[in-house]
Structure formats: C-alpha cells, structure tokens
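In what follows, a structure is listed as structure tokens, so that the remarks can point back to it.
Where a number appears in this text, it was derived from the coordinates with a stated rule and is not lab data. Nothing here was measured: the structure is a model prediction, and the numbers come from that model. Virtual Cβ from ideal backbone geometry, glycine too; neighbours counted across all protein chains shown.
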Amino acid sequence: MTEDRQLVSRALKGDRKAFEMIVRKYEQPLTSYLGRMTGEREAALDFAQEVFLKAYCSLASYRPAFKFSTWLFKIASNHLIDHWRKKKLPTVSIDQPVNDEDGGLMPQVPDPAPSVVRKFELAEIRAKIERALESVPAALRELFVLRHVNEFSYEEIAEIKSLPVGTVKNRVFQAKELLRKRMEGS
Amino acid sequence: MTACPRPESLYLYLEGELGPYDARKLEEHVECCAACRDALAERRLLHEAFTSLPPFEVPEDFARSVMDSLPEPEVRKAAWRAPLAAAAAALAVGLAGFYLFSGLSVFEVLLAVNRFFGTLVAQATPLAARTLKLGSVLLKVAGDLVALGFAGLGTFSRILGPQGIALVIGLGALLTLLAVFGARRFLHQGEQS
C-alpha cells in the first residue's frame with residue numbers, strides 16, 4: 001500500500017518508470033477482472049489499457065487515504081458501466097433479487113440432495129465455473145470476481161461499488177448459489 | 001439440536017467471515033446434522049474452486065504498449081528558471097554583438113563589461129548612502145513629533161483633571177456611537193429608497 005503511494009507520488013512528479021511499475025503490478029489482476037466481465041481476452045486487454053490511461057490522466061485526484069487498488073478498480077468498474085451504457089446492454093437492478101429458471105435462489109436451509117460437484121475433479125469444477133460464470137448477471141458476476149478472483153475484502157468491494165457491505169455479501173452469496181445451481185444443471 | 005444454518009452462513013464460515021460464536025454454533029450443528037455436513041462439504045469444494053480460478057494471461061509487452069499510449073507528463077518547471085535563462089541569453093547576445101561590432105578582442109570586451117559594472121557600482125554606492133541618511137533623518141523627525149504629541153496630551157490631561165478626562169471620553173464615545181449608527185441608518189434609508 002505504501003509502495004503504491006510512493007509510486008503514485010513519483011509518477012505525479014513525471015517519473016514514467018514509476019507508473020510502468022504500477023502497470024506491471026496491476027496488469028494481471030485488472031485483466032482477470034475485465035476478462036471475466038467481458039468474456040473476451042482481447043477486449044479485456046483493450047479495456048485494461050484504457051483503464052490505465054484513465055488512471056494516469058486522473059492520478060492527481062487519487063487520495064492516499066484510500067488503497068490504490070480500490071481506486072483503480074473503481075475506475076475499471078465505472079469504465080465497464082460506461083461501455084455497457086453506450087452499447088445499451090441489459091443490466092440488472094441492484095435492488096431486485098436475482099432468480100434462476102428454477103425459481104427461488106436462496107433456500108432457507110442447505111440443500112440436502114446428494115452433491116453433484118463431488119463428481120468432478122477441482123480442475124473440472126473450475127472449467128465449469130468459468131463457463132457458468134458467463135451466464136451469471138453482470139451485477140452479481142462483478143462482485144463475485146472482485147471477491148474471489150481479485151481477493152478484495154467485502155469492505156473494499158463496498159468501497160469500489162459504493163454499496164453497503166451487507167448488500168455486497170448478499171450479492172456475492174447469490175452469485176455463488178446461482179453458479180452452483182447452473183453447475184448442477186449442466 | 002439448533003436450527004439448520006442458512007447457506008449464506010456456510011460460505012461466510014468457509015471464508016472466515018463468521019464471528020467466533022456463530023462459527024462454533026455452526027460447527028456444533030454440523031457435527032450432528034448429516035444434511036448440513038454434506039452441504040458444507042459441497043460448499044467447501046466449491047469455495048476451493050472459486051478461490052483458485054486461474055488469472056488471465058497478459059502478453060509480455062502489454063505494460064510497454066500501455067506506456068507508449070500515455071501522453072507526455074506535464075511537469076511544472078521552477079518559476080525562476082525562465083527569467084534567469086532569458087537574462088543569461090540576453091547577456092550572451094549583448095556580449096556577442098559588442099564583440100562583433102566593436103572589433104575588440106574577447107579579453108577587451110570582458111574588460112569593458114567589468115569597467116562598466118565597476119562604474120555603475122561606484123555611482124550607485126554614494127546614492128544609496130545618501131538615501132539611507134535621508135531615511136534616518138525622516139525617522140528621527142517622526143519620532144520627535146510623536147514624543148511632542150504625547151507631551152501635549154499629558155499637559156492637556158493635567159489641565160482637565162479626572163472629571164474633565166471622563167467628560168471627554170464620554171463625549172467621544174457618544175460621538176462615535178452617533179457616527180456609526182447614524183451612518184447605518186443613512187445607508188439603510190438609501191437601500192429602501
């Protein structure tokens with residue numbers, strides 16, 4: 001965190017090498033996030049480049065009181081929202097619960113049915129998750145990716161998305177249960 | 001046996017996000033509930049997969065291409081540099097011009113410049129001394145005037161006595177109040193009209 005602040009401070013003084021170090025540090029987490037949101041590697045790389053450009057141009061507005069990673073991912077998240085708005089892609093309201101085809105997503109007690117996922121090896125499960133993830137609504141998928149791929153805390157995600165922590169926890173849970181149900185159906 | 005936990009609690013437990021009391025309660029329940037034990041085992045496997053999804057590969061030259069796309073930074077230069085550089089350039093041009101048009105050697109040009117600055121300093125020094133002397137005389141006169149004012153005030157207060165001083169202060173305060181409030185009323189009337 002301190003290292004990021006120092007790099008930002010140096011970049012603001014015109015040290016391009018410092019910004020390159022920031023790019024090298026965040027290129028993979030950012031592309032992993034954008035890749036899972038767009039579903040295409042090439043698009044993810046283009047988006048990542050645009051996000052870094054935006055971050056560079058607004059570096060002076062970064063407040064060291066906050067983590068640099070949450071600031072950068074906030075830019076990335078807003079960039080995606082702008083892109084979807086321009087493309088007029090359907091978005092899911094944050095306030096509405098998301099249901100799958102079977103109806104209710106949140107059973108009050110754990111499902112006692114025999115496990116399906118145990119049939120698969122971990123690698124197979126991962127491949128299935130990646131495929132199922134594409135069908136999860138973007139609003140849920142984004143929070144899931146930030147939590148489990150980028151390993152942000154719930155509080156950090158709440159900061160990135162300007163949402164209450166409870167809402168973030170609930171939506172990450174919804175994404176996971178939706179994934180589980182989609183995997184059962186596959 | 002306690003009620004079965006919500007599935008959300010199972011995930012939070014696996015993430016270490018459940019408080020110690022709730023975590024203990026869940027563990028106790030799972031020990032005696034086969035359905036929840038199976039549900040937890042299934043979510044554990046899923047959780048393991050969620051947290052080990054592979055990162056996207058990034059090309060080697062990605063950072064380089066990002067850096068190439070960035071605009072040049074606008075570094076603010078020190079404010080004193082430009083005037084200093086302009087003065088140095090003007091001096092250099094002046095010296096070069098003098099050297100070219102006068103037909104003198106470089107040594108003679110430098111000697112002439114040195115002589116010029118020497119004359120300038122020699123003429124400016126007595127002028128600065130005279131200005132300083134005049135300033136000190138003016139300061140002395142101002143000091144004498146202030147001392148005279150204080151002496152006059154002392155004599156005046158002795159003549160008036162304590163009652164007289166109180167009367168003068170009272171009158172002064174009254175006049176000040178009248179001046180302030182009178183001016184305000186005047187301004188207020190002006191706004192209304």
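Of note:
- A simple rule links phi to the HN-Hα coupling: the Karplus curve 6.51 cos²θ - 1.76 cosθ + 1.60 with θ = phi - 60°, which for the stretch A:3-18 gives 4, 4, 4, 5, 5, 5, 4, 5, 4, 5, 8, x, 7, 5, 4, 5 Hz, with x for Gly and Pro.
- Prolate/oblate/rounded label for the protein assembly as shown (Cα gyration tensor, a/c 1.5): oblate
- The stretch B:38-181 pair-distance distribution - Cα-Cα, 10 Å bins, rounded %: 7, 10, 11, 10, 10, 11, 11, 10, 10, 8, 1
- Partners for A:K25 among aspartates and glutamates (Cα-Cα distance below 18 Å; same-chain residues under 8 apart left out): A:E3, A:D4, A:D15, A:D46, A:E50, A:E151, B:E57, B:E60, B:D61, B:D68
- Choice from B:V30, B:V58, B:V93 showing the highest fluctuation, given a GNM over chain B with Cα pairs closer than 10 Å: B:V30
- Those chymotrypsin sites (Phe, Trp or Tyr not before Pro) in the stretch B:77-153 that DSSP places in a loop and that have at most 15 other beta carbons within 10 Å: B:W80
- Take every pair of alpha-carbon atoms less than 8 Å apart whose residues are at least six positions apart; their mean separation over the length of chain B yields a relative contact order of 10 percent.
- Longest stretch of chain B clear of exposed loop sites (trypsin sites (Lys or Arg not before Pro), DSSP loop, at most 16 other Cβ atoms within 10 Å, sites excluded): B:78-193.
- Label-point gap, in nm, between B:F150 and B:L111 - each point 7 angstrom along Cα→Cβ: 6.1
- For the stretch A:1-65, the set of GluC sites (Glu not before Pro) satisfying both a DSSP loop assignment and a count of at most 13 other C-beta atoms within 10 Å is given as A:E40.
- Residues considered: B:T131, B:T51, B:T119. Largest GNM mean-square fluctuation over chain B, using C-alpha springs under 10 Å, is found at B:T51.
- Mean-square fluctuations from a GNM of chain B, with a 10 angstrom spring cutoff on Cα atoms, peak among B:S157, B:S136, B:S102 at B:S157.
- Alpha-carbon centroids, the stretch B:26-100 and the stretch A:123-181: separation in whole Å: 24
- Helix-derived mean residue ellipticity, 222 nm - over the protein assembly as shown, DSSP H n ≥ 4, -39500 (n - 2.57), to 500: -25000 deg cm²/dmol
- When each of A:K17/A:K86; A:K17/A:K67; A:K17/A:K54; A:K13/A:K67; A:K169/B:K25; A:K128/A:K169 is checked by Cα-Cα distance, pairs over 29 Å: A:K17/A:K86
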